[in-house]
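So the structure is just underneath, and the comments pick up after that.
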Amino acid sequence: MSADAALAQTKASASKTGPKTEGRESDLAGEMAYMGRAARAAAAQLALADPGTKTLALEAAAAALRHGQDDILVANAKDMTAARKRGLSAALLDRLALDAKRVEAMAQGLEAIARLPDPVGRTLAEWQRPNGLSIARISVPIGVVGIIYESRPNVTADAGGLCLKSGNAVILRGGSESYHSSAAIHAYLQAGLREAGLPEAAIQRVPTTDRAAVGLMLRMSEFVDVIIPRGGRGLIERVQAESRIPVIAHLDGMCHTYLHAAVDPALARQVVLNAKMRRTGICGAMETLLVDRAIADTVLPLILDDLIAAGCEIRGDADICRLEPRAKPATAADWDTEYLDAILTVGVVDGLEAAIAHIDRHGSHHTEAILTEDAAAAETFLKQVDAAIVMHNTSTQFADGGEFGMGAEIGISTGRLHARGPVGAEQLTSYKYVVRGKGQVRP
């Protein structure tokens with residue numbers, strides 16, 4: 001069965017059962033199986049697609065997104081209305097909201113992905129053996145990627161585009177909050193596939209909000225090669241506990257910034273404010289600020305004034321509460337909380353080693369930063385801190401695949417195997433060994 005034929009069966013089944021199939025797990029299991037077969041067939045075609053065809057599909061999808069902007073915003077308005085009725089926080093509403101600028105950013109992201117070097121077919125290493133065998137390690141697609149995500153509808157475009165660029169078929173399962181937005185974006189991605197003559201099944205979207213679909217997807221080891229969850233701790237823990245498929249996990253963004261004794265005060269003011277308040281609801285937002293005791297009384301007051309004036313609630317240790325009467329006492333839980341909101345925990349530490357120890361105890365291995373003019377201190381921090389991304393003299397909000405020149409990202413992997421940090425097109429490839437000989441036989 002071809003990829004598109006399998007997808008047609010999936011759509012026919014979905015039209016019978018409707019977009020929501022609560023209580024009909026057998027029907028839903030059948031739909032998911034059809035999608036899996038279609039994805040596997042599409043992956044075989046994509047693995048052989050030439051770079052120009054993939055580029056055409058990405059550029060056509062970007063043009064389709066721009067053309068369909070009004071439809072996307074109408075769909076997003078439905079999601080926003082429902083989200084407000086459910087009482088979602090301001091930070092979560094910001095993650096969900098789309099406007100003309102954000103739709104254009106999605107289109108530009110697809111075009112940036114299109115311009116990247118093709119990650120498939122690269123010679124990663126090659127060597128000759130004494131017996132004359134020529135051996136090369138060549139990059140290849142992973143195959144079929146399953147992506148489970150919450151809230152942010154732009155993930156639909158980013159994930160679809162990156163998987164296409166890397167020659168992988170993808171099955172997308174977005175959150176119920178962004179159901180209509182993701183459906184609209186997905187339709188324009190498929191328009192790009194059609195224009196390039198690639199199978200629509202290369203980018204599929206689970207057409208239901210039924211939570212049972214997640215459980216089914218996590219058991220589809222016959223069809224799906226890797227699962228990438230992107231969302232809150234509850235989602236990540238469920239995926240890691242239930243999945244029969246390898247997982248590339250994106251855990252909490254418990255991001256710290258440490259103000260070293262040799263920090264430039266003016267640099268610290270602008271970087272700290274940006275790291276927390278540019279967008280509080282993204283995983284790269286700073287959640288804890290650590291300050292060297294030697295400069296707490298002199299450098300910190302103006303920084304706290306800036307944060308409070310911007311609407312940030314400060315929760316601090318005893319030293320901070322003494323220094324800033326508007327601060328609330330921090331609880332033990334605050335040091336381990338990813339707020340994704342205008343709340344910041346602030347603490348005083350006794351030097352570089354104490355800061356590193358605090359981060360090791362409370363961090364999530366996502367992104368950690370030091371602000372200092374002392375090059376030796378910076379190098380110690382960058383070498384010793386165990387995180388996917390470590391930074392010197394810059395905002396943690398740069399923890400983003402687009403800012404790293406990857407065009408976009410599926411998420412920030414906090415694990416240590418296969419991919420770590422921003423997961424872009426290159427990180428969605430594996431490799432195989434190609435061995436060429438002239439009749440050699442092994443003695």
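Contact map, the range 337-355: first residue outside the structural domain of residue 233 (by TED's automatic domain parsing) and buried (at least 21 other Cβ atoms within 10 Å of the Cβ), second residue small (Gly, Ala, Ser) and not in a loop (DSSP other than H, G, I, E, B), Cβ cut-off under 6 Å, separation 6 or more or different chains; pairs are 340/91; 346/316; 348/296; 349/355; 352/377. When 427, 440 are checked against the criterion of being part of a helix (DSSP H, G or I) and over 25 Å from residue 299 (Cα atoms), a single residue qualifies: 427. Number of residues in the range 369-401 that are of a type in the set (D, E, K, R), in contact (Cβ under 8 Å) with a residue 60 or more places away in the chain and closer than 20 Å to residue 262 by Cβ equals 2. Filtering the range 366-391 to residues that are part of a strand (DSSP E or B) and either of a type in the set (Asp, Glu) or at pLDDT below 95 (or both) leaves only 368.
Scanning the range 200-224 for residues that are out of contact with any strand residue (DSSP E or B) (no Cβ under 8 Å at 6 or more places or on another chain) and either under 30 Å from residue 53 (Cβ atoms) or among the aromatic types (Phe, Trp, Tyr) (or both) yields 200, 207, 221, 222.
Pairing each residue of the range 227-242 that is in contact (Cβ under 8 Å) with a residue 12 or more places away in the chain with any residue that is in a helix (DSSP H, G or I) and buried (at least 17 other Cβ atoms within 10 Å of the Cβ), provided the two are 6+ apart or on different chains, yields C-beta distances under 6 Å for 229/235; 229/236; 229/239.
Taking the range 166-183 as the search range and keeping residues that are in contact (Cβ under 8 Å) with a residue 40 or more places away in the chain, touching a Leu at 6+ places or on another chain (Cβ under 9 Å) and over 15 Å from residue 45 (Cβ atoms), which one is surrounded by the fewest Cβ atoms within 10 Å (Cβ to Cβ)? My answer is 175. Scanning the range 275-317 for residues that are closer than 22 Å to residue 363 by Cβ and surrounded by fewer than 17 Cβ atoms within 10 Å (Cβ to Cβ) returns 278, 279, 293, 313.
Within the range 430-442, none of the residues are crowded, with 22+ Cβ neighbours inside 10 Å and among the hydrophobic types (A, V, I, L, M, F, W, C).
Among the residues of the range 242-268, those that are charged (D, E, K, R) and surrounded by fewer than 18 Cβ atoms within 10 Å (Cβ to Cβ) comprise 242, 244, 264. Taken over the range 407-421, the criterion of being buried (at least 24 other Cβ atoms within 10 Å of the Cβ) and touching a strand residue (DSSP E or B) at 6+ places or on another chain (Cβ under 8 Å) is satisfied by 409, 410, 411, 412, 413, 414. Can you name every residue in the range 316-341 that is in a loop (DSSP other than H, G, I, E, B) and among the aromatic types (Phe, Trp, Tyr)? Hit for the range 316-341 is 339, nothing else. Selection of first residues in the range 79-97 that are farther than 21 Å from residue 185 by Cβ and of second residues that are surrounded by 16 or more Cβ atoms within 10 Å (Cβ to Cβ) and among the β-branched types (Val, Ile, Thr), restricted to Cβ pairs under 6 Å at least 6 apart or on distinct chains, gives the following pairs, ordered by first then second residue: 91/280. State which residue is farthest from residue 198 (Cα to Cα) when the search covers only the range 58-102 and only residues that are over 22 Å from the mean Cα position of the chain (by Cα) and part of a loop (DSSP other than H, G, I, E, B). Result: 87. Evaluate the following for residue 194: is it surrounded by fewer than 22 Cβ atoms within 10 Å (Cβ to Cβ), at pLDDT 95 or above and not in a helix (DSSP H, G or I)? Here the answer is no, as residue 194 does not meet what is asked. When each of 79, 99, 70 is tested for being surrounded by 14 or more Cβ atoms within 10 Å (Cβ to Cβ) and either in contact with a Lys or Arg (Cβ under 6 Å, 6 or more places away or on another chain) or within 20 Å of residue 181 (Cβ to Cβ) (or both), the lone residue that passes is 79. Just one residue in the set 230, 244 is under 19 Å from the mean Cα position of the chain (by Cα), charged (D, E, K, R) and in the same structural domain as residue 427 (by TED's automatic domain parsing); that residue is 230.
The values are calculated or read from the model by the stated rules, or taken from the named source; none is laboratory data. Everything quoted here is computed from the prediction, not taken from an experiment. A quick note on method: Cβ atoms are made from the backbone with ideal geometry, for glycine too, and the neighbour counts reach across all protein chains shown.
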